[in-house]
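Undergrad: Here it is, the structure, as structure tokens.
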Amino acid sequence: MTEALQRLRRLLVGFETGMAGLSLLLLVLLTLGQIIARNLFDTGLPAADSLTRYLVLYITFFGAALAADGDRHIKIDVVCAWLASPWRSRLFRPLQALGALICLLLFQAALRFWRDEWQYAADHERWQVLLNLVIPVGFGLLCLHFLLGLLLGERRTEPRL
Amino acid sequence: MTPAVITALVLLAALGLPLFVVLGAGGLYATHRMELDPVVLIVELNRLASSPNLTAIPMFTFAGVALAAGGAPQRLIRLFNALFGWLPGGLAAVALTACAFFTAFSGASGVTILALGGLLYPMLSCQGYRERFCLGLLTSSGSLGLLFPPSLAILLYGIVAGVNIDELFLAGIVPGTLLLVMLLLYSIFMGCKCSVPRQGFSIPELLRAVRAGVWDILLPVGIVVGIFGGYVTVNEAAACTAAYVLLLESLIFRNINLTRQLLPLLRDTSLLVGSILIILAAAMGLTNLLIDAQVPMQLLAWVKTHVDSPLEFLLLLNLFLLVVGAMMDIFSAIVVITPLILPLAAQFGIHPVHLGIIMLANLEIGYSTPPVGINLFIASQRFGKPILLLFRAALPFLAIMLVWLLIVTYNPGLSLWWQKG
Amino acid sequence: ADYTLKFATLAPPGSTWMNLLEDWGREIERRSGGRLELKFYPGGVQGDEPDVLRKIRYRQLDGAAFTGYGIGSIHSPARVLEFPFLFDSYEEIDHVRSELMAEIETGFRDNGYELLGWMEVGFVYFFSQHRIEDFEDLKKRRIWLWQGDPLGQAMFAAGDLAPVPLSITDVYTSLSTGLIDTVYCTPLAAIALQWHTRLDYMSQLPMANGIGALVVAKRFFDKLPAELQQVLRETGAQASRELIRATRADNATSLEVLREEGMEFVMPPESLDRDALLEMRDQAAAQLTEDSYIPRSLYERTRELLTEYRSTPAEGTTTAHGAHD
Ligand code: NA
Ligand code: NA
């Protein structure tokens, strides 16, 4: 069971790393492409501006999912500084459960938002609504990572940057 | 019911619930209380997808991460040492000026700490500054350039208050420079106190250091010339920076092996950016609900009934804005608070330009105060330190900024020197 | 108050528009005896027009003052009234509008909105940080396009321009970060939104008379008692007359303000190739009618109404903005 969960975890992390990395690379390349198009050809790459802004959203959500996997999200853990380490470990699972619950609720809201966007979108905006899928997917991934944390317990986290 | 929920959320945050979850939970609870559809939280989040102001953040961050991995801090330490090592507090002075400068055009969105912090932190600690001093300096400098053009915060205030932007830029110069000078003096003092070793000035060493570090030094020069010369936009400068750094470190210095290290670098950058912007995403939903419930307006209505003299008003204004800055992000704070304060301030005879400087000065301090101090979060993530430690480290700097705030508030002449008569 | 109407607008606090809207709010409160109250969210604090439309959909907001872009998302045919290079004068606009208004009101209602009052934002011009003499110069510029606006998109495509799509709330900052250097808006808006402080040149070619509307969600309107519905309608119509009058007057004075502040006026209409402009218009019209954003029948009827009005030897077409075919 644990082995299967760990495999799922690695699968997710691989996917997220790929998506985040690809988005970041694409962001740089598209922006460079815009510079060349603007300055050499007096024109812009159509839709590139909108696309770059979506890529920031992709980097945000896939990056946030990676941070959830390593338990490296930003915290104001004032109390933890004074807590003994066994207590901190005991807190880990309940907090992961809470994180999963909140992300699940946000996932539901995001899914409804996305469905409505799809329904109301004009045809020429459909591609942007498709890109918008990252919002429900992002919250879904965050929820999954918190669930995995809940089931697998506290892991040794990688050293920080 | 509501106070209990807020207390519970604060407690959970203190116990280590990720901040974005805390803000998300707060948003969900508030929508429930206000009988709103929780989808409105996502509507706010979706606005991130159309905002062009964030595009530079991942690319500058990537450049910072790649530079750090490629050994640029070492090359730069050597160069700065050769240049300023003989001066007491020399490197701290360089750090402060660079941060102020960088914030002015990166819009105080936290880019400064991400892009420069990772570089300056190891440099400062290597030089023998106390850790607390380094962290405090870098945490509080993330908003240092807020009053210099072309800061986004000033622009926004100008739009909302209907004040001429150029006058605001002029008004910001003296107060902004004053703060910079005050912090420089403190840094020189600390440099002497920690007896940071000074090194003698030597031309051959300088030349060697320049040869090693010239490629890195060209970077800020290129950014400044590119942006202020009008050749590239901020976003394009960020992309060029990222590409330049990658080529520099992989092809010229060969410190980064692209096939092995590119993916980890991209991953580290995304993780850093994601953990920050997800908080902004969650905070946007909550801020919108505050605006919807007109909470800030109710606070101000109270002020209106309890104040009579300009002095009293300014003092309360400072307190109020410090609280606002502690709880709200600067851009929504400006949009929401300005129209409410403006008529009040006019009643007490305060010039709208001066009011703008007071507001920004307050909110600048709010950047480094808990619970919602974007500088604290970013620094915490960048340096891997707990928020509370960073707050304590920033305290001496915040104290100086408070003194400065009082000077700026009660001397309208500092902001209005350009006026005739 | 028994009913609170939450109302959003892009108009900044203290602007002509906002002052008049606040008067409107007070009038409603007075005439309803305090039973109906307006709660304003000015200056785009609730976001750009698409965001406001979403928030009305999710019942966070109940009404808004929209410009052509927002109107297009509710009932796009109404935008025929702001079609570029079609109308020559306010009189022509007023005439055609009075002919089409009943239809437009029905269109709003069928799409879940009650139209309380019609508005104008005024004639739209190009403003730039660089000197622009003709359309060739525009091709070199980074021109703002209101993100997701089909009418703007069709015009830019017809003019072979590559714009930068942005939310209106991001325009000002993007003018200073260099993301864009050219925008299109009315003189009044250029001042109200402070964009003019970032711009040096203004084209004198009037492109279209931007429209606007005061709307409320039908779900909100329908739950009001009949007498409050009446109050909303009557005060809305009154506010609308006041808004149109003030907008026309203020756009004229704004030109003076801009001149005094050193804005340089370039690209006079007589210097431009009129046929090329009209061809651009027709190309955009072909595109938009094909997508049925604006129905072909309506577009053609509008042109017939114009031809008819122009051929009647009538009370005069005084405020000429450059003659169009
Ligand atoms: Na704060
Ligand atoms: Na803040």
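The values are calculated or read from the model by the stated rules, or taken from the named source; none is laboratory data. For clarity, every value in this text was computed on a predicted model and none was experimentally measured. Here the Cβ positions follow ideal geometry from the backbone for every residue, glycine too, while neighbour counts run over all protein chains shown. Remember, those area values only see protein heavy atoms, side chains included, never the ligands or the DNA or RNA. Shrake-Rupley method; radii C 1.70, N 1.55, O 1.52, S 1.80 Å.
Undergrad: Between A:ALA4 and A:SER89, what is the spin-label point distance in nm, taking each point 7 Å from the Cα along the Cα→C-beta axis?
TA: Inter-label distance under the simple model: 2.7 nm.
Undergrad: Per residue and in Å³, how big is the convex hull formed by the alpha-carbon atoms of the stretch B:1-73?
TA: Cα-based convex hull of the stretch B:1-73, divided per residue, equals 125 Å³.
Undergrad: Which of B:MET34, B:MET182, B:MET59 moves the most in a Gaussian network model of chain B with Cα springs under 10 Å?
TA: Fluctuation is largest for B:MET34.
Undergrad: Tally up the carbon and sulfur contribution to the accessible surface of chain C as a whole percent, 1.4 Å probe, everything protein left in place.
TA: 47
Undergrad: Can you pull the one-decimal nm distance between simple spin-label points at B:VAL295 and B:PHE348, each 7 Å off the Cα toward Cβ?
TA: 2.4
Undergrad: Report Rg (one decimal) and Dmax (nearest whole number) for the protein assembly as shown, counting Cα atoms only, units Å.
TA: 28.2, 93
Undergrad: Within chain B, which complete DSSP H helices have Cα atoms spanning at least 27 Å along the helix axis and a mean Kyte-Doolittle hydropathy of -0.5 or higher?
TA: B:165-193, B:203-228, B:258-292, B:387-410
Undergrad: If you take each beta carbon of peptide B:378-384 and count the beta carbons of other chains within 10 angstrom, what is the mean?
TA: For this peptide, the per-residue mean of nearby foreign Cβ atoms is 3.
Undergrad: From other protein chains only, count the Cβ atoms within 10 Å of every residue's Cβ in B:56-66, then give the mean.
TA: Average neighbour count from other chains, rounded to a whole number: 3.
Undergrad: If you don't mind, there's one more thing I want to ask. Report Rg/Rh for chain A, rounded to two decimals, where Rg is the Cα radius of gyration and Rh the Kirkwood radius.
TA: Working: Rg = 19.3 Å, Rh = 18.0 Å.
Rounded to two decimals, Rg over Rh is 1.07.
Undergrad: Between the helical axis of A:134-152 and the dominant principal axis of chain A, each derived from Cα atoms, what acute angle in degrees is found, rounded to the nearest 10?
TA: That helix lies at roughly 20 degrees to the long axis.
Undergrad: Pairs to check: B:LYS304/C:LYS39; A:LYS75/C:LYS6; C:LYS39/C:LYS218; B:LYS304/C:LYS223; C:LYS55/C:LYS139. Give those whose C-alpha atoms are more than 25 Å from each other in this structure.
TA: A:LYS75/C:LYS6; B:LYS304/C:LYS223; C:LYS55/C:LYS139
Undergrad: Given the options B:ILE57, B:GLY90, B:PHE201, identify the residue whose Cα lies farthest towards the positive end of the charge dipole of the stretch B:3-414 (+1 on Cβ of Lys, Arg; -1 on Cβ of Asp, Glu).
TA: After comparing all options, I get B:PHE201.
Undergrad: Based on a Kirkwood Rh over C-alpha pairs, give the Stokes-Einstein translational diffusion coefficient of the stretch B:237-381 at 4 °C and viscosity 1.567 mPa s in µm²/s. Each step should come with its number before you reach the end.
TA: Values: Rh = 18.1 Å.
Result for D is 71 µm²/s.
Undergrad: In the stretch C:30-60, which residues give up 40 Å² or more of accessible area once the other protein chains are added, compared with their chain alone (1.4 Å probe)?
TA: Checking the loss per residue gives C:LYS39, C:TYR41, C:VAL45, C:ASP51, C:ARG54, C:LYS55, C:ARG57, C:TYR58, C:GLN60.
Undergrad: Only counting protein heavy atoms at a 1.4 Å probe, give the residues of the stretch C:1-23, ordered by number, whose accessible area falls by 20 Å² or more when the other protein chains are present relative to the chain alone.
TA: C:LYS6, C:PRO13
Undergrad: A follow-up question, please. Of the DSSP beta bridges with both residues in the protein assembly as shown, give the percent that are antiparallel, rounding to the nearest 5.
TA: Within the protein assembly as shown, antiparallel bridges account for around 55 percent of the total.
Undergrad: Give me the angle, in degrees from 0 to 90, between the Cα long axis of helix A:85-120 and the longest principal axis of the Cα atoms of chain A, rounded to the nearest 10.
TA: Its long axis makes an angle of about 30 degrees.
Undergrad: Given an 8 Å cut-off on Cα distances and at least 6 residues of separation, report the relative contact order of chain A as a percent.
TA: It comes to 29 percent, rounded to a whole number.
Undergrad: Could you please state how large a percent of the accessible area of chain A is carbon and sulfur, counting protein chains only and using a 1.4 Å probe?
TA: Roughly 65 percent, rounded to a whole number.
Undergrad: So what is the 222 nm mean residue ellipticity for the protein assembly as shown from helices alone, if each DSSP H run of at least 4 adds -39500 (n - 2.57) and you divide by all residues, rounding to the nearest 500 deg cm²/dmol?
TA: Calculated mean residue ellipticity at 222 nm is -21500 deg cm²/dmol.
Undergrad: Quick one: with all protein chains in place, what share of the accessible area of the stretch B:3-414 is carbon or sulfur, to the nearest percent (1.4 Å probe)?
TA: Roughly 71 percent of what the probe reaches on the stretch B:3-414 is carbon or sulfur.
Undergrad: Pop the C-beta distance of C:ASP110 and C:ASN19 into the FRET formula with R0 = 35 Å and round what comes out to the nearest 0.05.
TA: E between C:ASP110 and C:ASN19, to the nearest 0.05, is 0.60.
Undergrad: Now a separate question. Please give, to one decimal in nm, the separation of the simple spin-label points placed at A:LEU29 and B:CYS194, each 7 Å out from Cα toward the Cβ.
TA: Result: 4.3 nm between the two label points.
Undergrad: Work out the mean other chain Cβ neighbour count within 10 Å for the residues of C:140-147 and drop it here as an integer. Mind dumping the intermediate values first?
TA: On the way: counts 4, 2, 5, 1, 0, 1, 0, 6.
Taking all residues of C:140-147 together, the mean is 2.
Undergrad: Now for a separate question. Note the angle between two axes, namely the Cα long axis of helix A:2-41 and the longest principal axis of the Cα atoms of chain A, as a number of degrees from 0 to 90, rounded to the nearest 10.
TA: Helix A:2-41 sits at roughly 30 degrees to that axis.
Undergrad: Summed for both chains, how many Å² of accessible area, to the nearest 100, are buried between C and A with a 1.4 Å probe? Each step should come with its number before you reach the end.
TA: Working: alone 14060 and 10910 Å², together 23740 Å².
About 1200 Å² of accessible surface is lost on pairing.
Undergrad: At a probe of 1.4 Å, how much accessible area disappears from chains B and A on forming the pair, both sides counted, to the nearest 100 Å²?
TA: Working: alone 19050 and 10910 Å², together 24850 Å².
Protein heavy atoms only, the B-A interface buries about 5100 Å².
Undergrad: So what is the orientation-averaged projected area of chain C, using the convex hull of its C-alpha atoms, in nm²? Please report the intermediate quantities before stating the final value.
TA: Values: hull surface 64.0 nm².
Here the figure is 16.0 nm², rounded to one decimal.
Undergrad: In whole Å, largest first, what are the principal axis extents of the Cα atoms in chain B?
TA: Projected onto the principal axes, the Cα atoms of chain B cover 68, 54, 42 Å.
Undergrad: Also, I was wondering about something else. Show me B:6-14, C:247-255 ranked by packing, highest mean number of other Cβ atoms within 10 Å first.
TA: Going by the mean number of other Cβ atoms within 10 Å, highest first, we get C:247-255, B:6-14.
Undergrad: Counting only DSSP beta bridges with both residues in chain C, what percent are antiparallel, rounded to the nearest 5?
TA: 55
Undergrad: Right, another one. Express the accessible area of the protein assembly as shown per residue in Å², computed with a 1.4 Å probe while the remaining protein chains stay in the model.
TA: Value for the protein assembly as shown: 39 Å² per residue.
Undergrad: Also: With +1 on the Cβ of every Lys and Arg and -1 on the Cβ of every Asp and Glu, and nothing else charged, how large is the dipole of the protein assembly as shown about its Cα centre, in debye rounded to the nearest 20? Could the numbers behind the result be given before it?
TA: Working: 67 positive and 80 negative charges, 1000 e Å.
Here the size comes out at about 4800 debye.
Undergrad: Given an 8 Å cut-off on Cα distances and at least 6 residues of separation, report the relative contact order of the stretch B:3-414 as a percent.
TA: Rounded, it is 26 percent for the stretch B:3-414.
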